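Notes to accompany the following structure.
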Amino acid sequence: MKMRLGMLTPSSNTVLEPVCAAMAAALPDTSVHFSRFTVTRIAMDDSALGQFNTGPMVEAAKLLADAKVDVIAWNGTSASWLGLASDHALVREIEAETGIKAATCVLSMMDALKALDAKTYALVTPYTADVQSQIVDNLSALGYDCSAEVHFDISDNFSFGAVPEKRIEDALRSVCTTKPDAVIVLCTNLAGAPVVAQVENDTGVPILDSVTLTMWGALGRIGAPADRLATWGPRLSTLSAKNMLVAQ
């Protein structure tokens, strides 16, 4: 039976679509479909934060519903600095408007951390210091301690996709030296997925890439296996995505 996965995509993102398509190619009878809405800058001012109002996101989700997708996932990390309530609200609105199950990157991340029984994590992002600090504070309030962090101090969303894979890999290897319970590559326009498996295999530290998390969470939301994501997330692909946080 054909499975169609729907993804909500930041308009300036150039990484997640080809990565998701490559992941879907490894899944039997699976295709992935995208709907964009405007996101060009990640910052803590009102204009940048306003890009994530649910209205445009839900309208984009309704376009995916026309393709009769089985699940609609927000393939973005905004709830990491806005707070989990923003993703809970988005999931409720998408499901109410479309009748289709919904998932998000950040709720999937929380699901994975819980499945790993993680208490500590390390963080690699392209974001500026104030965004990074807000993410760390939010995760601290949820009981997670940051053992190390690297941020590339970029705010232009398109430019995230131009960060070289070698720079991302070096950052991952650096934070893995602190031996956290997990490392999070937080940004769906950062090309971390292609380097995760090698670093994880070399260090033994589970690495959670945002695009892979979104695919994993979307599959879990509809009860589909995620074992074929092993190329992109060896440890993640063995975990059960129970979507413990989606319904809250």
key: For the chain, share of DSSP beta bridges that run antiparallel, in % to the nearest 5   = 5 percent
ask   = For the pair GLU97 and THR120, what calculated FRET efficiency results from E = 1/(1 + (r/R0)^6), where r is the Cβ-Cβ distance and R0 = 41 Å, to the nearest 0.05?
value = 0.60
key: Helix-only CD estimate at 222 nm, as mean residue ellipticity for the chain, using -39500 (n - 2.57) per DSSP H run (n ≥ 4)   = -12500 deg cm²/dmol
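By counting other Cβ atoms within 10 Å of each Cβ, how are THR214, THR177 ranked from fewest to most?
Working: THR214 30, THR177 12.
With the sparsest Cβ surroundings first, the list reads THR177, THR214.
Could you list PHE152, PHE52 so that the one with the fewest beta carbons within 10 Å of its beta carbon is first and the one with the most is last? All intermediate terms of the calculation are to be shown ahead of the outcome.
Details: PHE152 18, PHE52 21.
Taking fewest neighbouring Cβ atoms as first place, the list is PHE152, PHE52.
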Residue-wise HN-Hα coupling along the range 152-158, computed from phi with Karplus coefficients 6.51, -1.76, 1.60 (Hz; x: Gly, Pro) = 8, 6, 10, 10, 6, 5, 4
query = For ALA141 and MET1 in the same chain, what is the full-extension length gain: residue separation times 0.36 nm, less their Cα-Cα distance, in nm?
reply = 46.2 nm
note = Magnitude of the Cβ-charge dipole (Lys and Arg +1, Asp and Glu -1) of the range 16-100 about the Cα centre, nearest 20 debye, reported as 120 debye
ask   = Normalised by the residues of the chain, what does the relative contact order come to in percent, with Cα pairs under 8 Å and at least six apart?
value = 22 percent
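Can you pull out the trypsin sites (Lys or Arg not before Pro) in the range 5-89 whose DSSP state is coil and whose Cβ has at most 15 other Cβ atoms within 10 Å? Walk me through the numbers before you get to the answer.
Working: sites: ARG36, ARG41, LYS62, LYS68; in loops: LYS68.
Sites meeting the loop and neighbour criteria: LYS68.
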request  = Output ³J(HN,Hα) for the range 14-29: one whole-Hz value per residue in order, computed from phi by the Karplus curve 6.51 cos²θ - 1.76 cosθ + 1.60 with θ = phi - 60°, and x for Gly and Pro.
outcome  = 10, 8, 5, 5, x, 5, 4, 5, 5, 5, 5, 5, 8, 9, x, 6
task = Measure off 7 Å from each Cα along the Cα-to-Cβ vector at ALA85 and ALA65, then give the distance between these two points in nanometres to one decimal.
result = 2.5 nm
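Sorting SER133, SER210 on the 10 Å Cβ count, fewest up front, what's the list? Numbers along the way, then the final one.
On the way: SER133 15, SER210 28.
If I rank by nearby Cβ atoms, fewest first, I get SER133, SER210.
Only the coordinates and a few stated rules stand behind these numbers; no lab work does. Here the structure is a predicted model, which is why all the values come from computation and not from measurement. So basically every Cβ, Gly included, is an ideal-geometry build from the backbone, and we count neighbours across all protein chains shown.
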